[in-house]
Amino acid sequence: MAFVTNDNLTGLAVERWATAHSSRTAELMTALVRHLHAFTREVSLTEDEWAAAVEWLAAAGRISNDKRQEFILASDVLGLSTLVVQLNNHFSPQATPATVVGPFHIDGSPEVHFGADMSDGLPGIPLFLTGRVLDPDGRPLPDVVLDVWQADADGAYEAQLSDVDEAQLRAKYRTRADGTYCVRTVSPRGYAIPMDGPVGNLVSRTGISPYRPAHVHFLIDHPGHERLVTHLFRQGADYLDSDVVFGTKDELIVSFTERPAGKTPDDGIIDRPYLHAEFNFALQTTGAECTR
Ligand code: BEZ
Ligand code: FE
């Protein structure tokens, strides 16, 4: 091996990582080395800054556990998560766009019936979300499972609460023969990302707003179709144009329309005014590629 100089160091490190046994690992690692070295040279990184970065990464590791993933949060606020979504979901313009999954999805939510209330008595303004799930030709898809989750009125997800035994503000709904679904919940509010860790610490030392606009999460994984991970955002909500994780898309903003007490969209009765949002999810056939 040649001895190290300023000029040959990057080339030597790239050469070494090019020996990775998998060609994809070699591609990823050599590109990572090139970009890290270029970054370090561009900003003339000091030794103190390097040490602070190492400590920041270690703190992110310490605060992460099976319910909290600080590195996903870091990826989210850097725009990396959204970039990965954009590069990997080549949906046609007719299909519902994907957005970030976020760190709070919990597997195994209970399946509930059409119009069941997933807020289960939690405080808030009742909200019905209704519509159809459609194939790319606009035909309704029966028997599609929609996995739905959202934060409570304080902006906390079940995964962030320690004393919850049953599924809270999360459930699975199945479309009927005509492709329709009906979710009953309470209207979500905007909330700040967790600010008590190294990501929050960094964000608080910038002019970045830590808030996300009010939204409900959906995951639809139906055979023969691309898995869709997306949100519905409330039209007119705060922070739509400053979402800290770059997740908001125009096509996903829906009107939460005020309705009087009386008949509900699932033909029930409610004694209070409520909100109603209507949205059709259009899935992409597996393998059909079209960059948005
Ligand atoms: C969320 O919407 O649940 C979320 C997404 C990214 C970071 C934090 C929260
Ligand atoms: Fe969320």
For a paramagnetic label modelled at 7 Å from the Cα of Arg16 toward its Cβ, which residues of the range 26-42 fall within the zone defined by backbone nitrogen distances under 18 Å?
-> 26-41
Report the normalised scattering of the range 61-219 as log10 I(q)/I(0) at q = 0.14, 0.15 Å⁻¹, calculated by the Debye formula with identical scatterers on the alpha carbons.
-> -0.82, -0.93
In a GNM of the chain with a 10 Å cut-off on Cα contacts, which of Leu240, Leu57, Leu134 has the highest mean-square fluctuation?
-> Leu57
Distance between the range 135-179 and the range 196-243 - C-alpha centres, whole angstrom | 16
Sorted by Cβ neighbour density within 10 Å, fewest at the top, the residues Asp271, Asp120, Asp152 = Asp271, Asp120, Asp152
Percent antiparallel among DSSP beta bridges with both residues in the chain, to the nearest 5?
-> 75
Candidate aspartates and glutamates - alpha carbon under 14 Å from Lys263, same-chain residues fewer than 8 apart omitted | Asp271
From the phi of every residue in the range 118-133, what ³J(HN,Hα) in whole Hz does the Karplus formula 6.51 cos²θ - 1.76 cosθ + 1.60 yield, where θ is phi - 60° and glycine or proline is x?
-> 7, 7, 6, x, 5, x, x, 7, x, 9, 10, 10, 9, x, 10, 9
Pick out the long, greasy-scoring helices in the chain: whole DSSP H runs spanning 27 Å or more along their own axis by Cα, mean Kyte-Doolittle at least -0.5.
-> 23-43
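Each value in this text was obtained by applying a stated rule to the coordinates, not by laboratory testing. A quick note: this is a predicted structure, and the numbers were derived from the prediction, not measured. All Cβ positions, even for glycine, are placed from backbone atoms using ideal geometry, and neighbour counts span all protein chains on display.
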